[in-house]
Structure formats: C-alpha cells, structure tokens
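First up is the structure itself, then whatever we jot down about it.
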Protein chains: 2
Amino acid sequence: MKQQINIGMLGLGTVGSGVFQVLKENQEELEKRSGLPILIKSIVVRELEKERLVEVPSELLSTDAASVVNDPDIDIVVEVMGGIEGTKDLLLTAFRNGKSVVTANKDLIAEHGDELTLEATRNGCDFLYEASVGGGIPIIRPLRKDLAGNRIHEVMGIVNGTTNYILTRMTQSGMAFEDALKEAQDLGYAEANPASDVEGWDAGRKIAIVASLAFNSRVNFPDVDTEGITSITARDIEYAKELGYAIKLIGCAKETDTGKISAQVFPALVPLDHPLASVNGAYNAIFVRGNAIGQAMFLGLGAGQMPTASAVVGDIVEAVRNFHAGTRGKFLVDCYHKKEVQSSLENHHRFYLRMEVADQAGVLGAIAGKIGQHDVSIQTMFQKWADNQTAEIVVITHETREGALRDALNELSDMPHVKAIKQTLRVVN
Amino acid sequence: MKQQINIGMLGLGTVGSGVFQVLKENQEELEKRSGLPILIKSIVVRELEKERLVEVPSELLSTDAASVVNDPDIDIVVEVMGGIEGTKDLLLTAFRNGKSVVTANKDLIAEHGDELTLEATRNGCDFLYEASVGGGIPIIRPLRKDLAGNRIHEVMGIVNGTTNYILTRMTQSGMAFEDALKEAQDLGYAEANPASDVEGWDAGRKIAIVASLAFNSRVNFPDVDTEGITSITARDIEYAKELGYAIKLIGCAKETDTGKISAQVFPALVPLDHPLASVNGAYNAIFVRGNAIGQAMFLGLGAGQMPTASAVVGDIVEAVRNFHAGTRGKFLVDCYHKKEVQSSLENHHRFYLRMEVADQAGVLGAIAGKIGQHDVSIQTMFQKWADNQTAEIVVITHETREGALRDALNELSDMPHVKAIKQTLRVVN
C-alpha cells in the first residue's frame, strides 16, 4: 500500500506552472479527496536556468525526461510540455514502466490516441486527458461517464479561445482580422505563429478527440475537415450582424442516419439568439445532443493557465484515487466501433455567399437560375452595393448538400457575369 | 465473475418509464460501454393493473419492494419511486445485502445523504445519484471528479424547471402567477400540489446536495434558507424588466471568507446580460466558481422523463463497470469537513424593494433616511405612480448585509407614512 504518490512533471510552461501552483495551494484538500499525499518529485524543463512563472525548488528540476519516465519512484507522469512523436515515445515508456499518465496534449491524442490507450490498458495504467479539450470545462469525462446512457447524435460548439477572441473583437469594434490577430498576439492569447489556431487545426484536433468518445469510434485529426478564419472580413461580420447573426468558428461532429461520422471545423453564421452567439472572448462552449438527454451545454474558459490546470489536477486526483483504491487501469476501450468518416461534401448546411458580379440587368436571375440547377434553393438574395460596373450580392441558401453547393459555385465562377466569389460560409440553424 | 447484471427497479412512473426505455433502446451500446449485459429482472409498482407509459412484460412487475432489495439475484437497485423514510429503509437493506444503488431521489439525499453514504461504504457498494440535481445535466460527478482540483467558492443557478417555466411565462406574456401556475399544471410541468416547487423546497434540496459536494461538508435541507415565487407579481416582473433585469428563482451556495457555508434559495433580479437571464422554460443552468477553473456553467433540461433517465442510466453504466472491473464501493467520503452553515442574515446582497407610501412631501427623504440609519445605502429610488393618497416607490440598494436590511424594513413598516412593504427581492450582480 502506497503512503504517498510521486509525480513527475514533463514541462513547466504556462500550464505546468498552473498545475504546480494548484497542487501547492489546494494540497490539503487534494489529499483528502484522493486519499494520499501528492508530492512533485521531479520536473523536466528545457533549460535549468530560466525565469519561471512559479517559484520551484531547483533540486526538483532536471532536463532528462527519459530518467523521469524510467524512475521507479514516480507513480504518475503529468505531461504538459507538448510535442508529438518524441512525447509519444516517452509516454509509451511510462506506461511500460507501470505509470499512470495525465496529459493536456491534444495534438498527441488526436494523432496517436489509439496507440497510447492500448499501451495504457495493456499495462494496467490510467491514461487521462480531460485538459486536452475545452481547458477547464468538463467534457471528456461527461462524454465517457455522465452521458454514457445516451446514443450521442452531435457534439458541436466553440472549442478555440484564440479565434473566438479575434472574432469577438472584430464583431465588437469592427476591426480587421489582421488587427484583431495582432492584438491577440500582444495580449498573449495568440502565438507568434498563429496558424494552428487561425487555420482551425487546434479546433480540429479537439473535435477529433470528442468525436472519438461521443461515437465510440476513433476519429483522427486528418479525418476532420478544417477551415479557419483568415478569410473573414469586417464586411462579412457586418453583413452577418445586419442579417441577425454572429460569426463564430464552429467545431462539429455528427453521426449521420447511415451510421457514418462527419467531423468539421468552419467559421459559420450563428443566429444572435442562439446561446453560442453570446459566448465571447476566450470562453468556449460545447453542446452535446443525445437520444435521452436532448441537449446540454458546457461553458467555461477554454484555455489559460489556471482553467487548464483545473482539468489536469482533476485528472491527477482521479489517478491518485485509483492508486489508493487499487482500481487503476480499469477502464474499457472507448473506441469499440469502426465507423466511416464521411466526406464533408456529403454534409448538409445552409450557406452564406458573398460575390461580386457585373452590374447588369438579368444577372441576379442568371445566378439564381444556375444555383437552382444544382438543387440548391435560395432563401434570401440581395444586393449590397453597386458602382458603375460591379455589384456585390449576398445569398443565403436553404439547407443543401455541401457537394451540390460546391458544384454550383464552380459553375458560377465560370460565368462571365460573376467577377469573384468572395466568401462562402455555413449558417448554423 | 458475473456474466450479466440484474437490475431491480423501484418505481415505474415518469422517470422509471424513461429508464426502462433508454435501457432497451440503447441496450447494445450500454453493454459495450459497461462491459456486461444489463437485464431488468423486476420492477416494483404500486398497482399491478394500470396503464403504463411503456410496454412492460407483466411477469417483471411486482408490488413487493422488500423482496427486490432482498433478492440475491439483483445486483443494482434503481430507485425512482420517491419517498423518504420507507425508501431509506429499503435502500439501507439493499446496501446491507451488497447491492449498488442508483437513485434520482433528491428529497431522500437532502435529508439522509450521510446515513446512506455511510452504509454504502461499509458494505462496499456504489451509491450514485447524478439524477437528483439538474435532470440530465452532469453536475454531481463534475463536482466530485472533474472539479476535484479546485477549492470551490460558489455554486449557483436555476435548479428548478417548474418555477423557471412559470417565471418565463409571466415574463413573456405578462401573466399573473396563478395563471402561469395553472398553465404549468395543465401541461404536466407542475404538480396538483405545487408547494414543493413554488415554495423553493425542491430547489433547496438540490442546493443542499450540491453544497455538500462542493464544500465537502454535509448541508441538509433544513440548513437551506428557502423562499419561493408565490409573492412575485406581474408588476414586479414588469418593473424588473424596465430596470434591465429578469426575475429568476436562484439557488445559491457559497463558502464565506471565514470558512462558513451559506445556502439559500430566493427569487432574484438577474441582469438581462447575465447568462442565467436567458435560461428559459424548463431549462436549468448551474454556475460553479473555483480557485482554478474560474467559472464554468452547465446547462440543460433540468427535469423530464428522458433527461432524468439519461442521468440515471449514466449512473447504471458506472455501477455495472464497477461490477465488471471489480472496483465497486471504492469512493472516498465526500463530506470530510464539518463547516458551519451561517444564517442568511449574515449574507450580503443588493435588494429590490417595492412599497406603498403616503403621497406627501418629504416622505421619500424620510424613508431614505431611515434606511440609511441601518447602513443600507440606496443605489436607485424612484416613484412609479401616485393617486391622491398613495405613491408606489421602488428602491434598489447597494450591497448590504441581509440582517441590516431586515432591521431597516422592520422599522420602515412601523413608520406612519409607510402603508405597505409589498416586495423584497435580492438582486444578483
């Protein structure tokens, strides 16, 4: 019977410092809740000499990750350093050495979730990653446990705080995308290389993780069709507002009637009276729809030092409880189905189109006719402005198969009257 | 090693029928998620001959609850019949016979949570009650697990769907309380005897349960100061709207700076831009604030057949998993502290007051002066109408100790100019 639990931390950046701080601040409560004292035995960092966000005894620090995952005194490895291939190898070694692992690393799980889960199961270890999606918001455990009575139909929502901050600023003050991105970078919300956030990859990884749990079938990141927010202009935001919508980056995973999975990330028009429309700044919100619960929504700070640390430490408490109670590694495999992920061309959405056309009589009719030939039905179509030669028109379609819309757009762009299709966005009902 | 799990159900009313239906509809998935086939072996009902909401083989039905909790073939007792004393005895017997128990019975837990938890622990059985608060919304397990890394400061929100429906109808169509209640009764949202809902008792029981888990110290229903919505008039709703607020029945549990707990249920003015203001109809929403997570909100249908069944079946899956993995009854005691519950007179709130006074010069000044003598500071004070003799005034105070406000009101009601204090409501920041 263990008298205490020793933690080995890989990483002491923003999230790692938060974990260190929460373990220290809430120490007494955590021992009562988990059954055993929790001690940090070693922390692996890149450089030993560096200014830290928290004060850490220097004897805890090392640069040798391999020695931590091989240290027989370490019970739980807490991985908050990021990285994919090298990190995967370290965690596989940790499992082979009988250690439980808590991680916040969505990139890793979205690429190698199956391999890691399998190795954890083989070695009777816990593998917990609540912090990988939605920061502090409970979503992984609810999908595995609280909602286990349901057949889940859909998981959708705002799962990236950086892009939500950028879109919120664009909406509230009419800023251009580049300016809002610059502000987010200055405030530390966006990284110097913002591609992972603004291209929708971060959201896509999170959608891969929740889809795997919701539908019990592994969805990997490359299966998710992602589209970012770099093409969103102040004009789109303004038109959306006039039409009664906000623009949000939406992650969405559904099970279709034929038992296939669809997984997408895209910027979309969200009706202003939809609860997601008022989720602003760095907040995330995730809707789950199931055949018993109907729908539920989970909202909170989707990133940041302390919210993410909240999720990591919640997982640590569970891992320690399992040591204490002798119930480690007793979870079932989540992905027991092999469902096909369908092309997003098969998905059905409403669409918002903005295009520049020749300002001539009959053009709107010709465009409407061309769109109609592809069985895409128009709900609203209006002209925003025209100069001598060019008119800008905005179209909202009824729900249509995405493939049909793409075919229509291809033909439209070949029409002599159509100068440019400037924007294509989905519209959430 | 068990080959299957046999369920004994106590009750087949609205929730029971939902549980029966979900277990049947999602049977295959539930077996994969829990590790074992789940069979309903017997269902205890009050009358054998009765029209049911679901089609149930008559050989499953019995009227003998005692024989079910004593049946050696039953592994899990699912209690969805309600009741307190008699039900408690049945569940204690179930634990002594080594059965796990899943229940939706908030009344029972809010009165005898400690005794039942203790007996479950003693006998190595699971005792799960996610469905007792918030219908299908995950809140019990998040407080015990996902948020276990936090020191929780506050849990607050809308936890009664019936009163939220009534207040929503009063707000949307200016109905009187009695008419909205009647409509709720006709639609089956409110019971023939609506006291438990409209007096705030149901919400008070739920607050007792979540407070116990949030602060790791048992709060029983009698510790919760409850106030219902029967005094809310169409006029209060209208004035609140004019001032930028909606009226909601709020349940609220906090830990004070001195380590005491405050637990209250009251109708309150909620700012229209607060997320709770737009939680309408039968929806519930619960905010949790903690020292790591900041704040998170959980939203969903707080009652009803299928959402409640979702929570019950989620607990059944966990109980079955624990049979399968040999990890039953391995939870720690939640209430390891003994914190004092403080009188609500010690709590601090802003207040909305509506009163009828003599329509004479100097009266407003005299009232403001009297209130000020008790260190209650006025934020807004205005006159709504006056006839020859009477004026109606509305006051919003700054944040003040509730005891001071009560003292002020006592003295005010003795003033010759004050004809009646018609309403006193709290205001949420």
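Bear in mind that the values in this text are calculations on the coordinates, not laboratory data. Note that the structure is a prediction, hence the values are computed from the model and not measured. All Cβ positions, even for glycine, are placed from backbone atoms using ideal geometry, and neighbour counts span all protein chains on display.
Distance from the axis that maps chain A onto chain B is least for the Cβ of the chain A residue given, with the whole Å value, as A:Thr327, 2. Scan chain B and report its longest stretch carrying no GluC sites (Glu not before Pro) that are both in a DSSP loop and have at most 10 other Cβ atoms within 10 Å. Free of exposed loop sites, the longest segment is B:56-429. Taking the label point 7 Å along Cα→Cβ, B:Ile378 and its counterparts in the other copies are spaced 6.1 nm apart, in ascending order.
Quote the relative contact order of chain B in percent (integer), defining contacts as alpha-carbon pairs under 8 Å separated by 6+ residues.
The normalised contact order for chain B reaches 17 percent.
Under a model in which nothing but the beta-carbon of Lys, Arg (+1) and Asp, Glu (-1) is charged, chain A shows a dipole of about 1120 debye around its Cα centre. Is there a pair in B:Lys182/B:Lys206; A:Lys206/B:Lys145; B:Lys248/B:Lys338; A:Lys254/B:Lys24 whose C-alpha atoms are over 26 Å apart, and which pairs would that be? In this structure, B:Lys248/B:Lys338 exceed 26 Å between Cα atoms. Largest GNM mean-square fluctuation among B:Gly35, B:Gly157, B:Gly228, using chain B with Cα springs under 10 Å: B:Gly35. In summary, the lysines within cross-link reach of A:Lys99, defined as a Cα separation below 19 angstrom excluding same-chain residues under 8 places away, comprise A:Lys2, A:Lys41, A:Lys88, A:Lys330.
When the helices of the protein assembly as shown are scored as -39500 (n - 2.57) per DSSP H run of n ≥ 4 and the total is divided over every residue, the value at 222 nm lands at -11000 deg cm²/dmol. The Cα trace of the range A:104-259 gives Rg and Dmax of 17.3, 57 Å, the first to one decimal, the second as a whole number.
With a cut-off of 12 Å between beta carbons, the residues surrounding B:Met175 carry a summed charge of -2, where Lys and Arg count +1 and Asp and Glu -1.
Using the Cα gyration tensor of the range A:346-427, with a ≥ b ≥ c the square roots of its eigenvalues, what is the shape: rounded (a/c below 1.5), prolate (a/b larger than b/c) or oblate (neither)?
On the way: a/c = 1.98, a/b = 1.69, b/c = 1.17.
It comes out prolate by the Cα gyration axes.
Can you list the trypsin sites (Lys or Arg not before Pro) in the range B:243-336 that are in a DSSP coil and have 16 or fewer other beta carbons within 10 angstrom? Mind showing how you got there, number by number?
Values: sites: B:Lys248, B:Lys254, B:Lys260, B:Arg289, B:Arg321, B:Arg328, B:Lys330; in loops: B:Lys260, B:Arg328, B:Lys330.
Those that pass, being in a loop and sparsely packed, are B:Lys260.
Give the angle, between 0 and 90 degrees and rounded to the nearest 10, that separates the Cα long axis of helix A:305-325 from the longest principal axis of the Cα atoms of chain A. Computed tilt is about 50 degrees. When the trypsin sites (Lys or Arg not before Pro) in the range A:17-58 are filtered for DSSP coil states and for at most 15 other beta-carbon atoms within 10 Å of their beta-carbon, the remaining sites are A:Arg46, A:Lys50, A:Arg52.
As a test, work out the antiparallel percent of DSSP beta bridges whose residues both lie in chain A, rounded to the nearest 5. So the antiparallel bridges amount to about 70 percent of the total.
For B:Glu31, the distances from its label point to the matching points in the remaining copies are 4.7 nm, ordered from shortest, with each point set 7 Å beyond Cα toward Cβ.
Which part of the range B:375-405 falls in the paramagnetic zone of B:Lys422, meaning amide N under 14 Å from the point 7 Å along Cα-to-beta-carbon? So the set is B:382-395.
Taking every DSSP beta bridge that has both ends in the protein assembly as shown, the antiparallel portion is near 70%. Taking 0.36 nm per residue of separation and subtracting the current Cα-Cα distance, fully stretching the chain between A:Asn291 and A:Ser413 would add 39.7 nm. Magnitude of the charge dipole for the range A:140-301, about its Cα centre and with charges confined to Cβ atoms of Lys, Arg (+1) and Asp, Glu (-1), is about 740 debye. For the range B:346-427, the relative contact order is 48 percent, taking Cα pairs closer than 8 Å that sit 6 or more residues apart in sequence and dividing their mean separation by the residue count.
Which of rounded, prolate or oblate describes the protein assembly as shown when judged by the alpha-carbon gyration tensor and an a/c cut-off of 1.5? It comes out rounded by the Cα gyration axes. Based on the alpha-carbon gyration tensor of the range B:271-328 and its eigenvalue square roots a ≥ b ≥ c, which shape applies: rounded if a/c is under 1.5, prolate if not and a/b is larger than b/c, or oblate? Cα axes put the range B:271-328 in the oblate bin. At an R0 of 56 angstrom, the distance between the Cβ atoms of A:Thr14 and B:Asp114 translates into a FRET efficiency of 0.85. The distance between label points at A:Thr63 and B:Ser377 comes to 5.6 nm (points 7 Å beyond Cα on the Cα→Cβ vector). The length gained on full extension between B:His348 and B:Glu399, counted as 0.36 nm times the residue separation minus their Cα-Cα distance, comes to 17.8 nm. Scalar couplings 3J(HN,Hα) for the range B:53-70, obtained by applying the Karplus form with A = 6.51, B = -1.76, C = 1.60 to θ = phi - 60°, are 6, 10, 7, 10, x, 5, 5, 7, 7, 8, 10, 10, 5, 4, 5, 5, 6, 9 Hz; x denotes Gly and Pro. Straight-distance candidates among the lysines for linking to A:Lys419, with alpha-carbon spacing under 21 Å and chain neighbours fewer than 8 residues away dropped: A:Lys370, A:Lys384.
The same position A:Gly86 in the other copies lies at 6.8 nm from this copy, comparing label points 7 Å beyond Cα toward the beta-carbon, shortest first.
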